[in-house]
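Peer 1: Structure in structure tokens, see below.
The values are calculated or read from the model by the stated rules, or taken from the named source; none is laboratory data. All of these numbers come straight from a predicted model, not from anything done at the bench. When we count neighbours, we look across all protein chains shown, and the Cβ atoms used for this are built from the backbone with ideal geometry, even at glycine. Keep in mind that these areas ignore ligands, DNA and RNA; they rest on the heavy atoms of the full protein, side chains included. Shrake-Rupley method; radii C 1.70, N 1.55, O 1.52, S 1.80 Å.
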Amino acid sequence: MPEHQMIDVPEVDFMSVTENVSDWRIGKRVVIQRPKLSIALGCGMLLAVPLIGLVIAGFVMGYSENFYQAFFIAALIGAGLFALVVIPFSRSNRSRETVIDWSDETIRYRHGLRKQTFPFAEIQRICVQTKQIGNETPTYDGIVEIEVAGNQLPLFEILSSTEDPSQPVDILLDVARRLADAWSVPCEVYVLGKRLEEQELEGRGRSPEEIAQKYMTLGSLASGSAMSADYRGQSDEAAEHREEAIFYYMQANKLDPTLTEPLLAIGRLSPDEAHREMAVQAALQLNPDSIPALIEQGRSLLMEGLEEEGFAALSQAVEKEPSVTTYHARGHSYLLLERYREAHADFSKAIELDPQDADNYSERGECLADWYKDARDDDLLNQALADFDRAIEQGGENSTYRIERARVLLTADRFDEAIADFSRGVAVDPDSFYSYSQRGQAYLDAGHYAQEAERDFTKSVELLEEQPRTTDAIMRRTQLMGIAFAYRSRAEARRQLGRPQQADDDIQRAIELEVEADE
């Protein structure tokens, strides 16, 4: 898809979007438009109807050729005046277009006939506001604005019929924060004229569960359509309900066979590799320029051992759309084949496109860490740690970044530093079985913390056993094998502590879970 092609973006909002947006991702060329028809244009169009009728009458009922020519010329002049006066008047009152160009760091803003261009450096702040529209049935208007030279310029607007005036803030806050970080300006939030302080904004925004619910809401609004089924599929996939997701994606494909995304999703979720290949080929037949289809094709070819053909497909995706997504896809494929230099180059390009995204630094850090394991070059180790430091700096105290950094330290036998990082990960996310399991393994690797390792593995086992068992066959097997691994790890710690009976009990429980997983 070309960078400037206009599409509607439902992930921004699950209410009523008044703009079209091409891409919200930092580093892309963002185009935001609000095309509207005004009352003036509507009246003008009504007046044009009898004018057209008179033109037709001139063809049929003209008394003489000279009269017809004069009347036709008059009609053309009238139509021209209509175009010159009514349409610009309408656009000047109702339409708006904003282009955020990250390549030359400028914003081009047009509101009707008024045009402005200014560099990012002139932006003073970004603001999210909620205003009430109407009294009898309140509707709340959420707006993202930027301030330039004391003037407030609206970037994006949503409408909501919710009774909670702060809900539009929760929807727009993540976008506003990312833009504010990219431009190094403050972000302020107002609800019905009252500014929210920093402590009131903590934890606001949408959780993954809310995003899944958003797709359900969109699906219910478009009941019976391919869009409805596709959203239901995305919702079930987000909730790891694989079989239900496949069912709804198949329904979407039946309702609209021209859509490529449901086809690819069916292939991605199918346990049969042949289905995945068929889905990719079908998607490419529908749209040879489909970036997701090209990426899936490249990955499938690589899995078949066709390295040259696989990377050709991935490179074609990069050429058609040089984005974070395409560079990540090719970079991960290079990494799986231990082509570290090419993988590092692709992850570095992703950082150039979006230097504010913590995940980009984390991805490159993982690449450098694997490269270090192979080459044992301390410079690679230091670069990997620096990337994870930057990821933590950009993304805050994210337990994932801490754990990945700790895993790098373990490869260098820096056990105490790794344990300290794992402990920070546990503090950030105390309900993550993975954090406890990883720290427990670090204690074991260090060789003199068996008691601490047993404690962490016990916590990991408790958290895993508390999780409800999924009904999906593939996910269920993964879940049971994960619990079995935790029991085996605790058995090792208990054996080191001189508790052979408890260790044997854990091994027996692990075997039971593994047998259940294979049923």
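Peer 1: Taking 7 Å along the Cα-to-C-beta vector as the label spot, tell me the Thr411-Met278 distance in nanometres, rounded to one decimal.
Peer 2: 4.0 nm
Peer 1: Let me ask another. Using the Karplus curve 6.51 cos²θ - 1.76 cosθ + 1.60 with θ = phi - 60°, what ³J(HN,Hα) values do you get for each residue of the stretch 285-298, in whole Hz, with x for Gly and Pro?
Peer 2: My calculation for the stretch 285-298 gives 5, 5, 8, x, 9, 5, 5, x, 5, 5, 5, 5, 5, x Hz in order.
Peer 1: Ok, one more. Accessible area, 1.4 Å probe, largest first: how do Lys320, Lys194 sort?
Peer 2: So the residues, ranked largest to smallest area, are Lys194, Lys320.
Peer 1: Let me ask you something else. At a Förster radius of 60 Å, what calculated FRET efficiency corresponds to the Cβ-Cβ distance of Asp101 and Arg469, to the nearest 0.05?
Peer 2: After rounding, the FRET efficiency stands at 0.75.
Peer 1: Quick one: length gained pulling Ala375 to Glu462 fully straight, 0.36 nm per residue minus the C-alpha distance?
Peer 2: Between Ala375 and Glu462, full extension yields 27.5 nm more.
Peer 1: Expressed as a whole percentage, what fraction of the accessible surface of the stretch 439-519 belongs to carbon and sulfur atoms when a 1.4 Å probe is rolled over the protein heavy atoms?
Peer 2: C and S atoms contribute 49 percent here.
Peer 1: Then there is this: Give me the distance in nm between label points sitting 7 Å out from Cα along the Cα-to-Cβ direction at Arg495 and Ile133, one decimal.
Peer 2: Here the answer is 6.8 nm between the modelled labels.
Peer 1: Can you tell me the dipole magnitude for the stretch 376-519 around its Cα centre, using point charges on the Cβ only (Lys, Arg +1; Asp, Glu -1), in Debye to the nearest 20?
Peer 2: I would put it at about 220 debye.
Peer 1: To continue, here is another question. Ignoring ligands, DNA and RNA, how do Asp413, Asp445, Asp256 rank by accessible area with a 1.4 Å probe, largest first?
Peer 2: Highest to lowest solvent-accessible surface, that is Asp413, Asp445, Asp256.
Peer 1: Here is a further query. Using a 1.4 angstrom probe on heavy atoms only, work out the carbon and sulfur share of the accessible area of the stretch 267-373 in %.
Peer 2: 49 percent
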